[in-house]
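> The structure's right below; bear with me while I get my questions together.
The values are calculated or read from the model by the stated rules, or taken from the named source; none is laboratory data. These numbers come from a predicted model, not from an experiment. Neighbour counts run over all protein chains shown; Cβ positions are idealised from the backbone, glycine included. Just the protein is used for accessible areas: all its heavy atoms, side chains included, with ligands, DNA and RNA removed. Shrake-Rupley method; radii C 1.70, N 1.55, O 1.52, S 1.80 Å.
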Amino acid sequence: NTASRHDSEWWLAVLATIAVLAMHLYFLNHIGGLWRDEVNSVNLAQGEWHNLTHDSFPILFPLLLRGWCALGWGGSDLAMRSFGVLLGLGLTAVLWLAAWWTRRAPPLWSLVLLALNAWVIYYAASLRAYGLGSAMIALSAAAGWHFVQNPARKSWLIFAATAVLSVQMLYQNSVLVAAVCAGGCAVALRRKQFKLPAAIFLAGLAAAVSLLPYWHNVAGMPQGASPLRMDFDHVIALNNLNTLLAFPLRQYSWVWTGLAGLVLLRAACGLFNSRGDDRPLFAAVTM
């Protein structure tokens with residue numbers, strides 16, 4: 001029955017969360033010393049802020065890392081890695097929060113396909129901004145949907161704050177924040193809430209304005225790291241995406257493709273149903 005199936009979903013999600021925790025602990029105990037980019041993160045956090053031109057992230061992650069070191073917990077590779085693992089586990093916590101925020105259900109699919117992906121764990125728990133940046137953009141997407149559902153001052157402030165924190169963690173998140181805003185605007189226009197897109201735009205604008213102080217740093221990146229940079233190569237990008245989606249089995253890439261197609265199909269069907277669930281439309285436009 002429905003109740004037992006609901007209980008089973010919760011128990012499976014709890015077991016998946018325990019498995020995520022176990023895999024992060026395994027990573028912590030077996031990954032070894034810091035690698036090149038992680039050492040660069042530590043040096044940047046303990047150095048001068050003008051050296052941001054030599055890294056790929058805004059100031060928030062180095063600032064958090066400096067705070068960790070200031071507390072006296074940065075004296076060894078293990079201590080530094082513990083910080084990365086805590087941030088990596090933050091992604092799992094956000095998946096739970098987002099699932100509860102948006103549909104009052106456990107994030108079973110997110111845990112199984114995303115949080116338990118070994119590549120995601122490797123990069124999320126590394127001493128770089130990727131893990132917390134991913135968590136923040138997931139939180140921003142949930143906050144965007146929450147604001148569309150409950151257009152009040154408090155929910156707008158939460159959405160704007162998560163959008164700003166997202167772009168302050170990863171420059172790339174600015175593109176994803178714009179996508180979340182597009183998804184929210186699509187739902188608002190479908191509901192004929194014509195004032196809501198202006199508020200959504202202002203939240204995205206706040207995130208964009210917060211990046212203006214980095215203009216000099218971003219403009220200086222090609223000169224600061226020109227030996228390490230190359231032009232965008234779509235073949236390499238697609239190969240990297242396939243490596244992520246096809247782990248741990250090659251068939252997983254078909255699973256992700258099927259889920260994306262299902263979301264698009266549900267969104268298309270929802271357009272012709274005035275009482276339909278708007279979450280598929282929000283997700284489809286954001287994708």
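> Sort 59, 200 by heavy-atom solvent-accessible area, probe 1.4 angstrom, most to least.
Result of the area sort, largest leading: 59, 200.
> Let me check I have the definition right: for the range 127-285, take the eigenvalues of the Cα gyration tensor, multiply each by 5, take square roots. What are those semi-axes in whole Å, largest first?
29, 24, 13
> Separation of the range 163-186 and the range 232-287 by C-alpha centroid, Å?
Computed from Cα coordinates, the inter-centre distance equals 18 Å.
> If the convex hull of the alpha-carbon atoms of the chain is projected onto planes in all directions, what is the mean projected area in square nanometres?
Orientation-averaged projected area of the Cα hull: 17.1 nm².
> Determine, from the Cβ-Cβ distance of residue 272 and residue 246 and an R0 of 41 Å, the FRET efficiency 1/(1 + (r/R0)^6), rounded to the nearest 0.05.
FRET efficiency, residue 272 to residue 246: 0.75.
> Is it possible to state the helix-based mean residue ellipticity at 222 nm for the chain, with each DSSP H run of 4+ residues giving -39500 (n - 2.57), the sum divided by total residues, to the nearest 500 deg cm²/dmol? What is it?
-23500 deg cm²/dmol
> Right, here's the next one. Taking the chain as a Gaussian network, where each spring joins two C-alpha atoms under 10 Å apart, which residue of 79, 163, 237 fluctuates the most?
Comparing 79, 163, 237 in a Gaussian network model of the chain, the most mobile one is 237.
> Suppose all protein chains stay in the model; what accessible area per residue would a 1.4 Å probe give for the chain, in Å²?
Counting only protein heavy atoms, the per-residue value for the chain is 56 Å².
> Among 166, 155, 140, which one shows the biggest mean-square fluctuation in a GNM of the chain, springs joining Cα atoms closer than 10 Å?
Looking only at 166, 155, 140, the biggest GNM fluctuation is shown by 155.
> Still on this structure: Would you mind getting me the FRET efficiency between residue 198 and residue 25? Use the beta-carbon distance for r and R0 = 45 Å, nearest 0.05.
It comes out at approximately 0.45.
> Label residue 161 and residue 14 with points 7 Å out from Cα along Cα→Cβ: what is the distance between them in nm?
The two pseudo-label positions are separated by 3.0 nm.
> Expressed as a whole percentage, what fraction of the accessible surface of the range 55-207 belongs to carbon and sulfur atoms when a 1.4 Å probe is rolled over the protein heavy atoms?
So the carbon and sulfur contribution to the accessible surface is 72 percent.
> Turning to a different aspect of this structure: Tabulate in residue order the Karplus-calculated ³J(HN,Hα) for the range 69-82, using 6.51 cos²θ - 1.76 cosθ + 1.60 with θ = phi - 60°, rounded to whole Hz; enter x for Gly and Pro.
Calculated HN-Hα couplings, in order: 5, 5, 7, x, 10, x, x, 8, 4, 5, 5, 5, 5, 4 Hz.
> Rounded to the nearest 0.05, what FRET efficiency do residue 254 and residue 208 have when you use their Cβ-Cβ distance and R0 = 41 Å?
E between residue 254 and residue 208, to the nearest 0.05, is 0.65.
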